[in-house]
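Step one of this worksheet: look at the structure below.
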Amino acid sequence: MKVSELIKALGLEVITESSYSDKEVNGCYIGDLLSRVMGKAQENNAWITIMNNINILAVATLTEISCIILCENVGVDETVLSKANEEGIVILKSPKSAYEIANEMGEILK
Amino acid sequence: MIKRYILSGEDFSIAGEASSSFKAVLKKLGIDAGIIRRVAIAMYEAEINTIVHGGGGECEAEIEGNKITLVFRDQGPGIPNLDLAMQEGYSTATEEIRELGFGAGMGLPNIKKYTDSMNIETEPGKGTTVTLVINL
């Protein structure tokens, strides 16, 4: 599944630039502790989190995840948005919980 | 080839930039993706430690022959109890640092897991030097 298909299927809001690299999504990792995410998230995972500070961007780059999904309506500030756009990191937003998002993803990826 | 990075202890927002930059170098060199992932994880953790616990320092990353060597030096407070610091989940990070998502107590355990050798020299009040080797 592509990021664009995930956005459509789950009704996610794209908060970074609307033109983005449409990477493959092969699953997800849920976590807010950056070291856990660094060690466990796999390339092309969607990373579901409520962590929204600038440090999530380095983790996203290093793990080569396909996108960050901020759940429970968490947003990011302008500094994070602008750096994410500079680095080509896709940040998506949803009012749903991490469980709901992962559950829906699981259904689609079956 | 040696790359040198200055790790400022005052700005957590740039934590991870040295690791990201060195990862890009390894990619350009066509290094195996699995090795790059191990280097990226270990380097990121050591970079964060140097910034958060060491108050900043420097990193030297060398690719030579059949190995990658990463040396992190800081003049911070040192690690008072290395055995405890090596335990998964043990952390001395402040509440402020934890709120940023750090302080999971996975730093040194992750580094050990993803490198072929790890050597730590630390002295209270004088600083810490961490030397990591990943074989190619």
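Output yes when any residue across the stretch A:10-21 is more than 10 Å from chain B (Cβ to nearest Cβ), under 24 Å from B:ALA24 (Cα atoms), part of a strand (DSSP E or B) and modelled with pLDDT of 95 or more, and no when none is.
Within the stretch A:10-21, the first condition is being more than 10 Å from chain B (Cβ to nearest Cβ), and the residues that meet it are A:10-21.
Next cut, under 24 Å from B:ALA24 (Cα atoms) only: A:16-17, A:19-21.
Now narrow it down to the ones that are part of a strand (DSSP E or B): none.
No: the stretch A:10-21 contains no residue that is more than 10 Å from chain B (Cβ to nearest Cβ), under 24 Å from B:ALA24 (Cα atoms), part of a strand (DSSP E or B) and modelled with pLDDT of 95 or more.
So that you can scan it fast, the table gives a plain yes or no per residue for (1) under 18 Å from B:GLY16 (Cβ atoms); (2) in contact (Cβ under 8 Å) with a residue 60 or more places away in the chain:
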| position | (1), (2) |
| --- | --- |
| A:GLU24 | no, no |
| A:TYR29 | yes, no |
| A:ASN44 | no, no |
| A:ASN53 | yes, no |
| A:LEU81 | yes, yes |
| A:ALA84 | yes, yes |
| A:ILE108 | no, yes |
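Per the conditions (1) closer than 18 Å to B:ARG98 by Cβ; (2) surrounded by 23 or more Cβ atoms within 10 Å (Cβ to Cβ), the sole criterion not satisfied by A:VAL74 is (2).
Does A:ILE91 count as touching a Ser or Thr at 6+ places or on another chain (Cβ under 6 Å), within 12 Å of another protein chain (Cβ to nearest Cβ) and surrounded by 15 or more Cβ atoms within 10 Å (Cβ to Cβ)?
Details: touching a Ser or Thr at 6+ places or on another chain (Cβ under 6 Å): yes; within 12 Å of another protein chain (Cβ to nearest Cβ): no; surrounded by 15 or more Cβ atoms within 10 Å (Cβ to Cβ): yes.
Considered against the rule, which asks whether it is touching a Ser or Thr at 6+ places or on another chain (Cβ under 6 Å), within 12 Å of another protein chain (Cβ to nearest Cβ) and surrounded by 15 or more Cβ atoms within 10 Å (Cβ to Cβ), A:ILE91 comes out as no.
Looking only at the stretch A:26-46, residues that are surrounded by fewer than 22 Cβ atoms within 10 Å (Cβ to Cβ) and either under 17 Å from A:GLU104 (Cβ atoms) or of a type in the set (Lys, Arg) (or both) come to 7 in all. Please give the number of the condition B:LEU84 fails out of (1) touching a helix residue (DSSP H, G or I) at 6+ places or on another chain (Cβ under 7 Å); (2) surrounded by fewer than 20 Cβ atoms within 10 Å (Cβ to Cβ). Going through the list (1) touching a helix residue (DSSP H, G or I) at 6+ places or on another chain (Cβ under 7 Å); (2) surrounded by fewer than 20 Cβ atoms within 10 Å (Cβ to Cβ), B:LEU84 breaks only (1). Against the list (1) under 29 Å from A:SER82 (Cβ atoms); (2) of a type outside the set (S, T, N, Q); (3) more than 10 Å from every other protein chain (Cβ to nearest Cβ), the condition B:TYR44 fails is (3). Selection within the stretch A:55-73: residues that are under 12 Å from the mean Cα position of the chain (by Cα) and away from chain B (no Cβ under 11 Å). The member of this set that is nearest to A:LYS23 (Cα to Cα) is A:SER66. All of B:LEU70, B:LEU84, B:LEU132 fail the test of being assigned to a helix (DSSP H, G or I) and more than 15 Å from A:LEU33 (Cα to Cα), apart from B:LEU84.
Taking the criterion of being away from chain A (no Cβ under 13 Å) and basic (Lys, Arg), the residues of the stretch B:1-41 that qualify are B:LYS3, B:ARG4, B:LYS28.
Regarding B:GLY101, is this residue over 11 Å from the mean Cα position of the chain (by Cα), surrounded by fewer than 22 Cβ atoms within 10 Å (Cβ to Cβ) and in a loop (DSSP other than H, G, I, E, B)?
Details: over 11 Å from the mean Cα position of the chain (by Cα): yes; surrounded by fewer than 22 Cβ atoms within 10 Å (Cβ to Cβ): no; in a loop (DSSP other than H, G, I, E, B): yes.
For B:GLY101, the condition - over 11 Å from the mean Cα position of the chain (by Cα), surrounded by fewer than 22 Cβ atoms within 10 Å (Cβ to Cβ) and in a loop (DSSP other than H, G, I, E, B) - is not met.
The values are calculated or read from the model by the stated rules, or taken from the named source; none is laboratory data. All values reported here derive from a predicted model rather than from experimental measurement. Counting neighbours? That spans all protein chains shown, and the Cβs are built from the backbone with ideal geometry, glycine included.
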